[in-house]
Amino acid sequence: MSPRLKKRILFDLLLLSYLLFSYYALGGWWNSFAGFLLILLFARMLWKGEYLKRTGLGMNLPGFIFSVSAALLIICLSYLIIHYMAVNSGIRMQAGNWRDYFHEVFYILNEEIVLGAIILFYLTRTRNLNPVISCICLAGFFAVIHFIFYKWIFDDRGIISLLTLATLFFIGFLRNSLIIIAGHIGYSWALHLGWMTVMFGTLHSYTISGERLSELSRFNLYLGSAEMLTLAALLASVGLFLMVKKKIKVQF
């Protein structure tokens, strides 16, 4: 077997591990953790000594501690924002079980590795694309892939609104800029986890009817508002400022 073919097979196995073991496709709460281990295994076989850099996991202990602390802080802030929006929409929130939160930690970690660090490394290091352009391209992909998954792949199918897609684009740009600036996925993971833990890890249902909101409904309700679009755009502007005005180069 040629080295090129071997790398292609390993990369396909890594991608398949992400797709099959990140989104409850096999029905187990432990799937995302298993997927994380498989992604690490195939990344190690594919990139050997560079696998931590390629996956965005190469961070020191202070970076890890700060990332976890930031995730906890963002969870609190996200709860305040989402709770405010939920109350105004006649929705009550209830805590999920530990399995849901365990799943959130690793499915988001898998997304940050595969749809974040690996692609950004390829665009900026292999293709020599400008970091800002790379962030824009991947942010567009990040928004479109959500539309595709909810339109044709996920069980909970439907249309993500244009406002939600725009918000996802700006959030994606911010996430990408954090990876470029830090050189790892710790801060982008914290941002992603902090929001998704509240939006998807908790239960949301209408106060009067008791009907639970679907994932798609939560996306469009909490991200598809003018307020969230404005906030996401402002945060994305901060990421752009840090990359352009301060001339921060690719760290990984």
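The values are calculated or read from the model by the stated rules, or taken from the named source; none is laboratory data. Bear in mind the structure is a predicted one, so any value in this text is a computation, not a measurement. As a convention, Cβ positions derive from the backbone with ideal geometry for all residues, glycine included, and neighbour counts pool all protein chains shown.
At-a-glance table
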| quantity | calculated |
| --- | --- |
| Residue among R8, R4, R92 that alone is of a type in the set (K, R) and either closer than 30 Å to L213 by Cα or assigned to a loop (DSSP other than H, G, I, E, B) (or both) | R92 |
| Whichever residue in the stretch 1-43 is crowded, with 16+ Cβ neighbours inside 10 Å and hydroxyl-bearing (S, T, Y) and, among such residues, is nearest to A117 (Cα to Cα) | Y18 |
| Among residues of the stretch 125-136, those that are over 21 Å from G224 (Cα atoms) and part of a helix (DSSP H, G or I), counted | 7 |
| Residues of the stretch 143-175 that turn out to be under 14 Å from L216 (Cα atoms), among the hydroxyl-bearing types (S, T, Y) and assigned to a helix (DSSP H, G or I), as a count | 2 |
| Verdict on L216 being modelled with pLDDT of 95 or more and either buried (at least 16 other Cβ atoms within 10 Å of the Cβ) or part of a helix (DSSP H, G or I) (or both) | no |
| Selection within the stretch 64-99 - in contact with a Gly (Cβ under 7 Å, 6 or more places away or on another chain) and polar (S, T, N, Q) | S67, S78 |
| Test: residue in the stretch 44-52 that is out of contact with any strand residue (DSSP E or B) (no Cβ under 8 Å at 6 or more places or on another chain), surrounded by 15 or more Cβ atoms within 10 Å (Cβ to Cβ) and at pLDDT below 95 | no |
